[in-house]
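A.B. asks: One structure, as structure tokens, below. Some questions next.
The values are calculated or read from the model by the stated rules, or taken from the named source; none is laboratory data. Please read all numbers here as calculations on a predicted model, not as lab measurements. FYI the Cβ positions are ideal-geometry reconstructions off the backbone, even for glycines, and counts take in every protein chain you see.
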Amino acid sequence: MTQAYKLIYKKKAELNTRKGEIIFLTSVRDASRYSLTPDQYALAKLFDGRRTKTEVLELYRKKYGIELTEENLQEFLDNLEDSGLLERSASILPGSDNVVENLTWARGDTAESSEAEVDSDPEESMESYPPETEDEMIMRKGRRRKRVSTAPNRVTKAGKAGSYTKDVKLLVSIPIGWLMPLARLLTLPIHGRISVVLFFAAAIGALFGLWNDRFDVVRDLKLLMEPLIIAQTLLISMFSVNLAGQLARAGAAYFYSKKVPKFGIALAFNVLPRFYVSLAEHAGLLSLDQRRGIILSALYANVIVFSIASFMWFITKNDGTFLPLLMIGIAILSVVRLVLALNPLSKRGGYYLLSAKLGVPLLRERALFALMGKTLATKPGEKTISPWALRLYGVLVIAWLLGVTALITVVLGGWLEANWGGLGVLIFIGLASATLYAPLKQARLARSKIGKGKRGSDDLRKQQKPTTWTTRAVRLVLLVGLILIGMLPYTYEPGGELVLLPLADSRADVRAQIEAPIEEILVTEGQAVKKGELLARLSDDEEQRNIATVEATIKKLQAELAKAEAGPTKEEIASAKQRVETARVNYQFAKQSAERYAVLSEKGTVSRQEYENSQSKADNSRELVTQASTDLDLLMSWTRPEDIDAIKASIAREEAQLDYYRQRLGYSELRSPIDGVIASGSILTAAGNYLERGDLFAIVADNQHLLGEIKVPQADIGEVRIGAPVRIKFWSFPDREFKGVVQSIAPTADKSDYGKIVRVRTEVENPDGLLKANLTGQAKIVGQEKPVVLVFSRMLVRFIQVELWSWLP
């Protein structure tokens with residue numbers, strides 16, 4: 001028999017709020033009030049006791065342009081029927097046991113329920129979608145509960161009665177369509193058993209790999225402790241993990257409802273900007289199991305991010321870049337977020353799953369009420385647990401909150417106070433106030449445990465149309481296009497950070513080679529000079545004097561050599577004989593005189609002094625005879641070859657000394673050793689200053705061809721070849737590309753902050769003279785051409801060929 005339904009209610013009231021119109025219907029069964037949105041009420045009115053569900057679906061689609069599934073419609077009807085707002089006008093068909101929160105309960109039977117305080121942690125809605133069937137919307141961020149009158153004959157008043165949904169305000173709305181492929185990837189574990197198996201296999205493989213490379217993990221963790229690095233890593237990791245969690249929620253919501261959620265940036269704790277997915281419009285489209293699936297998808301996302309980040313760390317750990325540190329930071333943060341999310345004491349995924357498992361909504365609120373000796377009202381059919389269990393859970397929750405508060409106060413507050421003093425304390429108080437503002441305001445407004453209606457589905461996405469042959473053709477063309485693109489040749493260009501070296505290869509020092517004062521300076525700083533150009537003169541007085549002395553000595557020795565080689569003449573022989581004869585005559589006379597003075601001295605006729613003088617003259621005369629005889633003998637015996645050789649050696653020695661002094665004379669002129677410019681600030685002396693040997697006078701920099709050093713990761717050094725072209729961009733000139741050529745590759749690898757690197761030197765062209773020593777930039781070394789797919793999968797291939805190979809026993 002065909003089943004039909006009819007909407008029934010005792011009284012209807014309308015309330016306009018900032019979020020739109022809300023319609024309140026009073027149940028004829030127990031006078032309880034229920035809130036509906038205009039779209040929900042329009043759908044409910046179509047059930048007039050004669051139309052079937054199929055007819056209503058068709059009419060709703062034609063009238064409002066909205067398509068609903070039979071499953072969603074049946075859940076909506078079950079909710080209306082359980083609320084006493086619907087009756088069956090034909091045979092009764094079995095309904096669903098799950099109650100969807102399209103309507104929310106507002107009985108207010110007891111004082112406890114009317115005064116119930118509702119927790120509203122701003123962080124919760126950023127993480128998961130609440131699973132409870134009862135008061136499901138209460139668990140969302142920013143929900144406000146306002147007191148509602150339960151008297152059947154009173155109309156609710158604005159500001160005092162009625163409830164509305166205040167969804168988290170998006171500061172910036174971002175189109176999510178282009179991110180949906182990534183969102184679907186993050187929701188793979190909820191698609192089936194095979195996906196779950198792959199999910200756990202990837203996580204276990206990541207853990208095994210990290211344990212296998214634990215020493216490298218420890219190395220990178222030590223590098224992460226640098227303040228600047230950990231700040232950068234933490235910031236990027238927080239946004240990455242947050243984005244993944246929100247995309248997972250969006251992907252799961254779309255998977256279950258075929259409706260794309262709103263996505264954007266909102267404030268967490270009224271301070272921190274975060275990505276946020278609004279699921280307020282999905283409440284009426286999701287069953288209890290589907291809402292649990294959304295919660296699990298956010299938890300799964302943390303594990304997926306951990307697996308992907310670990311995998312990326314494996315293939316980049318030796319790249320010598322910041323990327324492996326970032327990946328290990330993201331992996332660690334995702335694990336921390338997962339542990340915190342599974343904590344049942346914090347109102348996050350673990351708490352909601354526990355609440356759903358126990359079948360007890362508002363578990364934390366009930367536990368806190370139990371500690372105060374009160375009981376929160378329970379809807380008929382809801383499960384209850386022991387008051388002692390509630391009290392124990394409440395104590396654990398309070399201990400957890402106090403512990404977290406104390407930890408944040410001690411760590412963050414202590415750090416701010418230690419580094420910023422009183423200003424740090426004010427900053428901490430401001431942050432704490434901004435964080436607690438929203439919860440305190442909600443606690444002041446919350447008074448009773450009432451339900452809230454969900455937004456209607458006025459913008460429900462229509463059911464997806466069947467795939468046509470045109471769609472298949474487009475997909476095939478795209479697939480073929482991707483394959484062709486993957487086969488295109490692509491030049492792989494390894495590279496790294498480049499520094500222009502201030503070394504001798506790209507500059508030359510002009511230093512004093514002699515000790516002398518500066519006599520004249522002929523250049524200025526920044527002046528362009530050519531190789532060999534005179535830069536300055538030093539005083540050369542000492543060198544000129546030494547040169548003159550040595551030249552005179554050489555002339556004398558040369559004359560002696562010529563004389564020795566020519567031999568004596570007759571005149572020289574006669575003169576020598578005459579000198580001998582004269583010496584002998586003088587000696588005889590002196591000898592006789594000395595003998596006479598000796599006799600007279602004995603007689604006392606002459607003094608002793610006169611006697612001694614005569615003896616001295618006689619001795620000298622005898623020596624002159626000997627010398628003259630020797631000279632005559634030498635002259636008569638001719639000059640020996642040994643004597644001639646000795647004279648020649650003396651001449652050679654003096655000539656070498658002359659060359660040395662002339663070289664020193666050349667050193668008095670300071671000339672440029674290369675083409676370049678006088679480096680700014682390098683002329684360290686002035687005219688008249690005395691330079692010691694080795695003192696620096698100026699620096700000439702080759703500004704046409706500079707030497708650069710590229711830090712190439714060891715994983716890419718196999719692609720580098722000497723003579724390969726280099727493309728360079730400097731931070732100082734981002735709009736211009738400079739050229740270079742690889743000159744040399746270091747024979748060993750060096751350690752860097754991000755792993756092993758190999759230093760590659762390149763000659764950098766600088767025709768305009770713009771580049772300066774010590775400038776930094778990025779360089780790409782032109783490598784070999786390979787297919788696109790091989791170039792962009794190098795890390796993966798290397799990971800398989802090296803890392804996985806090392807795991808094999």
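A.B. asks: Out of (1) assigned to a helix (DSSP H, G or I); (2) modelled with pLDDT under 80; (3) under 30 Å from D643 (Cα atoms), what's the single condition that is false for Y611?
C.D. replies: The failed condition is (3).
A.B. asks: Next question. Collect the residues in the range 497-556 that are among the hydroxyl-bearing types (S, T, Y) and either within 30 Å of K739 (Cβ to Cβ) or in contact (Cβ under 8 Å) with a residue 12 or more places away in the chain (or both), keeping them in residue-number order.
C.D. replies: S506, T524, S539, T553
A.B. asks: Show me the strands (runs of 3 or more DSSP E) found entirely inside the range 705-809 where at least 3 residues are of a type in the set (G, A, S) and out of contact with any strand residue (DSSP E or B) (no Cβ under 9 Å at 6 or more places or on another chain).
C.D. replies: Ranges flagged: none.
A.B. asks: Let me ask you something else. Checking W211 against (1) within 24 Å of K756 (Cα to Cα); (2) at pLDDT 80 or above; (3) touching a Leu at 6+ places or on another chain (Cβ under 9 Å): exactly one of these is not met. Which one?
C.D. replies: (3)
A.B. asks: Under 7 Å by Cβ, and 6 or more places apart or on different chains, what pairs join a residue from the range 237-249 that is free of Cβ contacts under 8 Å to residues at least 40 places away in the same chain with one that is not polar (S, T, N, Q)?
C.D. replies: Going by the 7 Å Cβ cut-off, the qualifying pairs are L243/F275.
A.B. asks: Quick one: count up the residues across the range 794-807 that are out of contact with any Asp or Glu (no Cβ under 9 Å at 6 or more places or on another chain) and surrounded by 16 or more Cβ atoms within 10 Å (Cβ to Cβ).
C.D. replies: Count: 2.
A.B. asks: When you scan the range 337-350, do you find a residue that is under 23 Å from E803 (Cα atoms), under 27 Å from the mean Cα position of the chain (by Cα), at pLDDT 85 or above and part of a helix (DSSP H, G or I), even just one?
C.D. replies: No: the range 337-350 contains no residue that is under 23 Å from E803 (Cα atoms), under 27 Å from the mean Cα position of the chain (by Cα), at pLDDT 85 or above and part of a helix (DSSP H, G or I).
A.B. asks: Can you tell me which condition I674 does not meet? The list is (1) surrounded by 13 or more Cβ atoms within 10 Å (Cβ to Cβ); (2) free of Cβ contacts under 8 Å to residues at least 24 places away in the same chain, and all the others hold.
C.D. replies: Here I674 clears every test but (2).
A.B. asks: Okay, next question. Quick check on the range 751-760. Is at least one of its residues under 19 Å from E497 (Cβ atoms), modelled with pLDDT of 85 or more and surrounded by fewer than 16 Cβ atoms within 10 Å (Cβ to Cβ)?
C.D. replies: No, there is no match, as no residue in the range 751-760 is under 19 Å from E497 (Cβ atoms), modelled with pLDDT of 85 or more and surrounded by fewer than 16 Cβ atoms within 10 Å (Cβ to Cβ).
A.B. asks: May I pose another question? Taking F275 as the residue in question, decide whether it is more than 25 Å from the chain's Cα centre (by Cα), at negative phi, outside any helix (DSSP H, G or I) and not acidic (D, E).
C.D. replies: Taking the combined requirement at face value, the residue does not satisfy it.
A.B. asks: One residue is enough: does the range 314-326 have a residue meeting the conditions in contact with a Lys or Arg (Cβ under 7 Å, 6 or more places away or on another chain), assigned to a helix (DSSP H, G or I), without any contact (Cβ under 8 Å) to a residue 60 or more places away in the chain and assigned by TED's automatic domain parsing to the domain that holds G403?
C.D. replies: No; the residues of the range 314-326 include none that is in contact with a Lys or Arg (Cβ under 7 Å, 6 or more places away or on another chain), assigned to a helix (DSSP H, G or I), without any contact (Cβ under 8 Å) to a residue 60 or more places away in the chain and assigned by TED's automatic domain parsing to the domain that holds G403.
A.B. asks: Right, something else. Report yes if V360 is part of a loop (DSSP other than H, G, I, E, B), without any contact (Cβ under 8 Å) to a residue 60 or more places away in the chain and hydrophobic (A, V, I, L, M, F, W, C), otherwise no.
C.D. replies: Here the answer is yes, as V360 does meet what is asked.
A.B. asks: Kindly establish whether R727 is surrounded by fewer than 18 Cβ atoms within 10 Å (Cβ to Cβ), touching a residue at least 60 places away in the same chain (Cβ under 8 Å) and of a type in the set (K, R).
C.D. replies: Yes.
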